[in-house]
Amino acid sequence: SLPILHRTTHCLYLCADDSCLYRSSGDASPAVMNTMRLPAKGQTGARMPCQNTSRQLRTRVVAQAGTVVVPQEPLMVRASRGEDVERAPCWMMRQAGRFQKSYRELAKKHPSFRERSEVTELIVEISLQPWNTFKPDGVILFSDILTPLPGLGVNFDIDDVKGPLIASPIRSMEQLKQLHPLDLTKLEFVGRSLGQLRQEVGNQAAVLGFVGSPWTLATYIIEGQSSTLYKTIKTMCYSAPELLDALLSHLADQMATYIKYQIESGAQCVQIFDSWGGQLPPREWDRWSGPYLKRMVQSVKAVHPTVPLTLYINGSGGLLERIKATGVDVVGIDWTVDMADARQRLGNDICLQGNVDPAILFATQGAIEHAVRDTLRKAGNKRHILNLGHGVLVGTPEEGVAHMFDYSKTVKYSDLL
């Protein structure tokens, strides 16, 4: 927490890692201030030199005697909560990845995806690549929805062609009993990465964590690999409902634990990906996905009630009202739904995220601008996070991504009236 000063009014500046306050009298330039760490209230002793040698002073705050004004939380956090903001924050799903040359160069040196997503230094570097290039309003952890599975007792590999592979799919109660509660010691690289990202980004952008939904994780655990038909797990809905319920319940509880761990490590928002929930008919989603998502959300909200949670489902046009009913703060909208229809169906009391067609980033700047303004206008002037309706596509020109980010920062809500 910030120290409380027993002084007259001073100009204060927070350094980039939140660890130090820089002080000057009046309006002196921070560049010439004595950069000393101020002791917290109740502490004695000499002030210690600030270790932030870069002197990246990101936030100016004014302190009256006995108080410190804490800087605002990131734009995305405030928008998610429905606070009044001047523009919609913007980030992109898969904003860190193969479309960026810097990522492709790093991947040549570290060809294993598991290494790139499980080594703290690489996770942080990759997560910050889009931040350094585009300055989005959200910086999402570079990871994978399957990353926590070894912590549950499910090992997996990732094949460059076939994708995730699980050697021993769970298809019996005996196999299910071999799973255990989430072992967070096997995920410490996630916690360290989130903490470092918060230090790097400060409150200039929101740091996002993410998890997979119980249903989506179960499709991999039961099918043993990526699928287009999901025959095994869908058959299990009828042939072994007790087994499937037990697995989904376990995943719901353990992913709730994982979300809490991410928040306590530094995540300011968390997105839940029910990537394959759209493969279920709505009545089946009501039985095999929705209840377990609600269970997760309720568990997290009981401990972290103010941290925004987003739920994104690809192909969710028939599920929008059901997504809202899970209790999340933000409903992710894919590109196949008109944003005006989504707002009309869901109302103005919930934040929407999306939903520019990712293919538009291959088009002209004018086309990108038109798509952005259309989405912003239809979403309304509050409770909206600008994003794509899916992840950035492989091969997307970096110039297209850059223009959407740059343009989004110029469009104020007052411009859309």
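Could you list, in sequence order, all residues of the range 93-123 that are open to solvent by less than 30 Å² (accessible area, probe 1.4 Å), in contact (Cβ under 8 Å) with a residue 40 or more places away in the chain and in contact with a Phe, Trp or Tyr (Cβ under 8 Å, 6 or more places away or on another chain)?
Passing the criteria: MET93, GLN95, ALA96, GLY97, THR120, ILE123.
Given the residues ARG198, ARG192, which is the only one that is farther than 15 Å from PRO148 by Cα, of a type in the set (Lys, Arg) and modelled with pLDDT of 95 or more?
Of the residues listed, the single one that is farther than 15 Å from PRO148 by Cα, of a type in the set (Lys, Arg) and modelled with pLDDT of 95 or more is ARG198.
Can LEU146 be described as of a type outside the set (Val, Ile, Thr) and open to solvent by 10 Å² or more (accessible area, probe 1.4 Å)?
Criteria not met by LEU146.
Counting only residues that are among the small types (Gly, Ala, Ser) and closer than 15 Å to ILE145 by Cα, which one in the range 228-278 is most open to solvent (accessible area, probe 1.4 Å)?
SER275
Could you count how many residues in the range 378-387 are open to solvent by 10 Å² or more (accessible area, probe 1.4 Å) and part of a helix (DSSP H, G or I)?
Matching residues across the range 378-387 total 1.
Name the residues in the range 329-346 that are polar (S, T, N, Q) and in a loop (DSSP other than H, G, I, E, B), would you?
Selection gives THR336 alone.
If you take the residues in the range 300-328 that are open to solvent by less than 10 Å² (accessible area, probe 1.4 Å) and in a helix (DSSP H, G or I), which one is farthest from ASN387 (Cα to Cα)?
VAL300
Condition first: closer than 18 Å to ARG94 by Cα and out of contact with any Ser or Thr (no Cβ under 6 Å at 6 or more places or on another chain). Can you find one or more residues in the range 338-351 that meet it?
No, because not a single residue in the range 338-351 is closer than 18 Å to ARG94 by Cα and out of contact with any Ser or Thr (no Cβ under 6 Å at 6 or more places or on another chain).
Can you tell me which of (1) part of a strand (DSSP E or B); (2) more than 25 Å from PHE142 (Cα to Cα); (3) not polar (S, T, N, Q) is the one PHE210 doesn't meet?
The number of the failed condition is (2).
Of everything in the range 127-159, what is in contact (Cβ under 8 Å) with a residue 24 or more places away in the chain, part of a loop (DSSP other than H, G, I, E, B) and not hydrophobic (A, V, I, L, M, F, W, C)? Give them in sequence order.
Of everything in the range 127-159, those that are in contact (Cβ under 8 Å) with a residue 24 or more places away in the chain, part of a loop (DSSP other than H, G, I, E, B) and not hydrophobic (A, V, I, L, M, F, W, C) turn out to be LYS135, PRO136, ASP137, SER143, ASP144, THR147, PRO148, GLY153.
Within the range 76-92, restricting attention to residues that are buried (at least 18 other Cβ atoms within 10 Å of the Cβ) and more than 17 Å from the chain's Cα centre (by Cα), which residue is nearest to GLY389 (Cα to Cα)?
My answer is ARG87.
Test each condition in (1) in contact with an Asp or Glu (Cβ under 8 Å, 6 or more places away or on another chain); (2) within 26 Å of TRP335 (Cα to Cα) for ARG295 and report the one that comes out false.
Unmet condition: (2).
Only residues that are within 20 Å of the chain's Cα centre (by Cα) and on the phi < 0 side of the Ramachandran plot: list them for the range 381-393, please.
LYS382, HIS384, ILE385, LEU386, ASN387, LEU388, GLY389, HIS390, GLY391, VAL392, LEU393
So, in the range 329-360, exactly how many residues are under 17 Å from GLY277 (Cβ atoms), open to solvent by less than 10 Å² (accessible area, probe 1.4 Å), in contact (Cβ under 8 Å) with a residue 40 or more places away in the chain and not small (Gly, Ala, Ser)?
Counting residues in the range 329-360 that are under 17 Å from GLY277 (Cβ atoms), open to solvent by less than 10 Å² (accessible area, probe 1.4 Å), in contact (Cβ under 8 Å) with a residue 40 or more places away in the chain and not small (Gly, Ala, Ser) gives 4.
Scan the range 343-363 for residues that are out of contact with any Gly (no Cβ under 9 Å at 6 or more places or on another chain) and on the phi < 0 side of the Ramachandran plot and report the count.
Result for the range 343-363: 4.
Within the range 366-377, does at least one residue satisfy the condition of being closer than 18 Å to PHE99 by Cβ, hydroxyl-bearing (Ser, Thr, Tyr) and crowded, with 21+ Cβ neighbours inside 10 Å?
Scanning the range 366-377, I find no residue that is closer than 18 Å to PHE99 by Cβ, hydroxyl-bearing (Ser, Thr, Tyr) and crowded, with 21+ Cβ neighbours inside 10 Å, so the answer is no.
For the range 182-211, name all the residues that are free of Cβ contacts under 8 Å to residues at least 60 places away in the same chain and not charged (D, E, K, R).
Hit for the range 182-211 is THR185, nothing else.
Could you tell me whether the range 397-408 includes any residue that is open to solvent by 20 Å² or more (accessible area, probe 1.4 Å), modelled with pLDDT of 95 or more and either in a loop (DSSP other than H, G, I, E, B) or within 17 Å of TRP335 (Cα to Cα) (or both)?
Within the range 397-408, one or more residues are open to solvent by 20 Å² or more (accessible area, probe 1.4 Å), modelled with pLDDT of 95 or more and either in a loop (DSSP other than H, G, I, E, B) or within 17 Å of TRP335 (Cα to Cα) (or both).
Yes/no matrix, rows are residues, columns are (1) farther than 20 Å from LEU122 by Cβ; (2) open to solvent by 20 Å² or more (accessible area, probe 1.4 Å); (3) in contact with a Ser or Thr (Cβ under 8 Å, 6 or more places away or on another chain):
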site	(1), (2), (3)
GLY153	yes, yes, no
PRO181	yes, yes, yes
LEU197	no, no, yes
VAL201	no, no, no
ILE222	yes, no, yes
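The values are calculated or read from the model by the stated rules, or taken from the named source; none is laboratory data. Here the structure is a predicted model, which is why all the values come from computation and not from measurement. We place every Cβ from the backbone using ideal geometry, glycine too, and count neighbours over all the protein chains shown. To get the accessible areas, we keep the full protein, side chains included, count just its heavy atoms, and leave off ligands, DNA and RNA. Shrake-Rupley method; radii C 1.70, N 1.55, O 1.52, S 1.80 Å.
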